1. Output the residues belonging to segment 347-361 that are crowded, with 19+ Cβ neighbours inside 10 Å and among the polar types (S, T, N, Q).
2. If I filter segment 112-122 for residues that are closer than 23 Å to A341 by Cα and surrounded by fewer than 18 Cβ atoms within 10 Å (Cβ to Cβ), do I get at least one hit?
3. How many residues are without any contact (Cβ under 8 Å) to a residue 12 or more places away in the chain and within 27 Å of L309 (Cα to Cα) when one looks only at segment 168-215?
4. Return the only residue of P202, P173 being in a helix (DSSP H, G or I), on the phi < 0 side of the Ramachandran plot, surrounded by fewer than 17 Cβ atoms within 10 Å (Cβ to Cβ) and not hydroxyl-bearing (S, T, Y).
5. Report yes if some residue within segment 251-259 is touching a Ser or Thr at 6+ places or on another chain (Cβ under 9 Å), surrounded by fewer than 22 Cβ atoms within 10 Å (Cβ to Cβ) and modelled with pLDDT under 95; otherwise report no.
6. Go through segment 1-43 and give me each residue that's at pLDDT below 90, assigned to a helix (DSSP H, G or I) and not hydrophobic (A, V, I, L, M, F, W, C).
7. Can you pull out the residues in segment 251-266 that are assigned to a helix (DSSP H, G or I) and under 16 Å from T322 (Cα atoms)?
Amino acid sequence: MYAFRRPFSAAGYTDVSFGWDWLGSNLTPKTVFVIAQLMGYGVAKFWGMKFCSEIRRKALGRAVLGMIGVAWLALLVFAVVPLPFKILAIFINGIPLGTVWGLIVRQLEGRKVSELLLAALSCSYILASGEVKRLGQWLMREGVGEFWMPFVTGALFVPLLLLSVWMLSLLHPPGAEDVRERSPRDRLDHAGRHSFLMKFLPGLVMLCIAYLFLTAYRDFRDNYQSELFAEMGIHDPAAFSRTERPVAFGVMAALALIYLVKDNRTALRWVYGLMIGGLALLGGSTWLYTAGKLGGEMWMIATGLGAYLAYVPFGSVLFDRTIAATRFQGTAVFAIYVADALGYSGSVVVQLYRDLFASKDSWLYFFKSFSILMALGGIPLTAMAMVYFLRWKPKDTEGEHASGA
């Protein structure tokens, strides 16, 4: 999926201009494209609350192929239409892609081995972000235009996409032992979604606020990594892989260890501990880099590891274990998409703020400030959410659900 989403951000689009002047600050073409895709992605999260929560398992594979196919066609349109219409094309690209994560998690959640499956899935998208951008830069050096590069990159991954979806379709639904340990994972209709929100609203609000800024931080680092490297004097395209591979395997190892914890409440404590530790790493590593005690690539590894340790559990084990610990009968995908819908809204706001009100700041200065603020604000919010959710006992929610599987 990332081969159809991230490659466009490897280009700078510095040779084109919209000529727009908003509030005295020119929005760069790349920022406009990034915001357009994020808006499409965010729209999909609101739609996905219903779509991904209600779709039947047997339709998941076809849905994944259909969504990515539409996104790929949007990249073709992005390549051929005049400049202003490229904004609409990249917006449309984001809409179907925004549903893919939920469709895949629906297939993997609620199993005794969900941590292992979701850890591998998370590792793949962390790795993919750096690898597809590296491939995109290589294609441009080989003569592929920066507007054609995203479509060509996606084309190279079509065979792997087909193989992956076929393998995913071979996975059987959770068995009786899975259901006993992790609770039933039913489809959620409107009444079920409302019941979930009302039951856990205070904790969800705290998590969503933290996730809003965390998503914005993750996206800023991901979308403008090439600019950050350039300001640090790093011009080797292989730096994308050198910094993202340790991050991917570090996060995968940390999440996989949660599999060893059988008690769901204890596992939930460990998940929150990882998230708080990741946020602390953001602040600590940024302080060391600013003090000259940490090199640029090592700092990017540390911020990546810290950000993803806090970010990845939202889309994987956090809500999977929350459902299991509280025994609420539903799908973790709904909670993931509630957080995502707000998270990507925050990402758009930060992108606009950077270009409209902080355009005189360097990319590096803005990112360092953002890192410190994430640590100072994210740690207390996450800690309060942990206290809230650990108050719930299985007897408080056992048997609550809205519809059949």
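1. Result: S347, Q351.
2. no
3. Total meeting the criteria: 2.
4. P202 is the lone residue from the list that is in a helix (DSSP H, G or I), on the phi < 0 side of the Ramachandran plot, surrounded by fewer than 17 Cβ atoms within 10 Å (Cβ to Cβ) and not hydroxyl-bearing (S, T, Y).
5. The answer is yes, given that some residue of segment 251-259 is touching a Ser or Thr at 6+ places or on another chain (Cβ under 9 Å), surrounded by fewer than 22 Cβ atoms within 10 Å (Cβ to Cβ) and modelled with pLDDT under 95.
6. Once the filter is applied, which keeps residues that are at pLDDT below 90, assigned to a helix (DSSP H, G or I) and not hydrophobic (A, V, I, L, M, F, W, C), segment 1-43 yields Y2, P7, S9, P29, K30, T31, Y41, G42.
7. Listed by number, the residues that qualify are L255, I258, N264, R265, T266.
One line per residue, one yes/no per condition, for (1) aliphatic (A, V, I, L, M); (2) touching a Leu at 6+ places or on another chain (Cβ under 9 Å):
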site: L288; (1), (2): yes, yes
site: A291; (1), (2): yes, no
site: G295; (1), (2): no, no
site: G330; (1), (2): no, yes
site: L342; (1), (2): yes, yes
site: R354; (1), (2): no, no
site: F366; (1), (2): no, no
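The values are calculated or read from the model by the stated rules, or taken from the named source; none is laboratory data. Remember, predicted model here, so these are calculated numbers, not experimental data. Every residue, glycine as well, gets a Cβ built from its backbone with ideal geometry; the counts of neighbours run over all protein chains shown.
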